[in-house]
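Below is one structure, written out as structure tokens, with a few remarks after it.
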Amino acid sequence: MYKSFLIKYAEIAIKGKNRYLFEDALVQNIRYHLERVEGNFQVRKENGRIYVDTEGEYDYDDTVAALQRVFGIVGICPVILIEDEGFDKLCEEVIRHVDETYPDK
């Protein structure tokens with residue numbers, strides 16, 4: 001199961017010098033909507049991106065449905081976070097994930 005989501009947003013990216021204010025408002029709005037979903041979530045900004053990290057068990061469908069109701073979000077991308085240990089380790093992790101996700105291929 002995915003433990004993080006990358007949140008993509010649209011118009012906020014073109015706001016200029018006060019962009020951080022709009023990003024902060026979006027983060028607060030995401031937190032507000034996720035309060036209604038069972039589970040523990042951490043919403044964070046990192047390098048111009050917004051991530052929602054999950055802790056423990058959560059309902060994937062309810063989480064995505066709650067995020068879809070947040071004004072300003074244009075994409076919700078489930079992601080897998082991997083420590084940077086070099087390209088070879090990344091390749092191994094990608095192959096392992098694909099094998100687990102699509103065992104018949």
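Across the chain, C-alpha contacts under 8 Å between residues 6 or more apart give a mean separation that, scaled by the residue count, equals a relative contact order of 36 percent. The alpha carbon centroids of the stretch 46-64 and the stretch 74-105 are separated by 17 Å. Among the listed values (1) 27, 14, 12; (2) 20, 16, 13; (3) 27, 18, 12, the one computed from these coordinates for semi-axes √(5λ) of the Cα gyration tensor in Å is (3). Rounded to the nearest 20, the size of the Cβ-charge dipole of the stretch 5-105 about its Cα centre is 880 debye, with Lys and Arg at +1 and Asp and Glu at -1.
Toward the positive end of the charge dipole of the stretch 1-44, with +1 on the Cβ of Lys and Arg and -1 on the Cβ of Asp and Glu, the farthest Cα among N18, F41, N29 is that of N18. For D104, the accessible area of its heavy atoms, probed at 1.4 Å with every protein chain present, is near 150 square angstrom. Straight-distance candidates among the aspartates and glutamates for linking to K3, with alpha-carbon spacing under 12 Å and chain neighbours fewer than 8 residues away dropped: D53, E55, E57, D59.
Ligands, DNA and RNA left out, the 1.4 Å accessible surface of the chain is 50% carbon and sulfur atoms.
Looking at the chain, the accessible area is 73 square angstrom per residue; that uses a 1.4 Å probe and ignores ligands, DNA and RNA. Compared with the dominant principal axis of the Cα atoms in the chain, helix 87-101 is inclined by about 90°.
Computed from Cα atoms, the angle from the helix 19-34 axis to the main principal axis of the chain rounds to 70 degrees.
For the pair Y20 and I95, label points projected 7 Å from Cα toward Cβ lie 4.3 nm apart.
The values are calculated or read from the model by the stated rules, or taken from the named source; none is laboratory data. Everything quoted here is computed from the prediction, not taken from an experiment. With ideal geometry, Cβ positions are generated from the backbone for all residues, glycine too; neighbour counts draw on all protein chains shown. Each accessible area value is taken on the protein alone, full model and side chains, heavy atoms only, with ligands, DNA and RNA left out. Shrake-Rupley method; radii C 1.70, N 1.55, O 1.52, S 1.80 Å.
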